[in-house]
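Taking it in order: structure first as structure tokens, then the write-up.
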Amino acid sequence: MPRRKKSNKKKSPIAVSVIAVAMVVLFLIRLYQVYEPLIRHNFFKNGITGPLFSGWSLTPLGSDLLSSISYLILSLAGIFVLIGFLRLQRWSWVLLMTWTGASLAIALVDYFYSHANYAVMASNVIIAFALNIPEVQRIFGIRRDNDGSSH
């Protein structure tokens with residue numbers, strides 16, 4: 001009976017999978033945010049039906065189009081970070097932590113001044129807590145325990 005080869009790959013903790021699922025949820029939310037304003041303005045049926053600018057400011061159509069483009073860029077960037085994260089790249093942990101902190105700050109401002117997106121807030125909180133688990137930090141090379149003990 002042949003023996004199994006030992007894999008040299010780092011074994012990822014369950015928290016990495018939880019983070020990946022939360023990132024997919026955020027991707028789906030952002031994808032909805034790309035299409036919702038475009039559907040509301042019948043963009044796919046009629047195209048651009050009015051001006052995007054009125055003087056130096058955006059019209060509601062221009063604002064929604066800019067918002068959709070922004071969310072599309074965020075969605076594509078999220079996929080890029082997710083791929084790096086699943087490949088256990090250190091840069092993806094750093095970028096995801098930075099992104100999550102900024103997103104939480106924006107979500108809190110939205111919570112206090114306009115409309116809160118609770119799904120985004122919950123996903124970001126889950127990601128932030130999971131990224132700070134010592135095993136996750138070790139696997140991405142963020143935390144190094146020199147003496148093997150945790151403080």
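The values are calculated or read from the model by the stated rules, or taken from the named source; none is laboratory data. These figures come from a predicted structure and were not determined experimentally. Please note: Cβ atoms are built from the backbone with ideal geometry, for glycine as well, and neighbour counts cover all protein chains shown.
Annotations for the structure displayed:
- Every condition in (1) crowded, with 18+ Cβ neighbours inside 10 Å; (2) at pLDDT below 90; (3) in contact with a helix residue (DSSP H, G or I) (Cβ under 7 Å, 6 or more places away or on another chain); (4) not hydroxyl-bearing (S, T, Y) is met by M23 except one, and the failing one is (2).
- Test: residue in segment 32-42 that is polar (S, T, N, Q), over 16 Å from the mean Cα position of the chain (by Cα) and surrounded by 14 or more Cβ atoms within 10 Å (Cβ to Cβ): no
- Restricting attention to segment 93-115, the residues being more than 14 Å from the chain's Cα centre (by Cα) and either part of a helix (DSSP H, G or I) or surrounded by 14 or more Cβ atoms within 10 Å (Cβ to Cβ) (or both) number 6.
- Matching residues in segment 15-37 - criterion: being touching a residue at least 60 places away in the same chain (Cβ under 8 Å) and either over 14 Å from L74 (Cβ atoms) or touching a Ser or Thr at 6+ places or on another chain (Cβ under 7 Å) (or both): A15, V16, V18, I19, A20, A22, V25, L26
- Failed item, numbered, when R90 is tested on (1) surrounded by 14 or more Cβ atoms within 10 Å (Cβ to Cβ); (2) touching a Phe, Trp or Tyr at 6+ places or on another chain (Cβ under 8 Å): (1)
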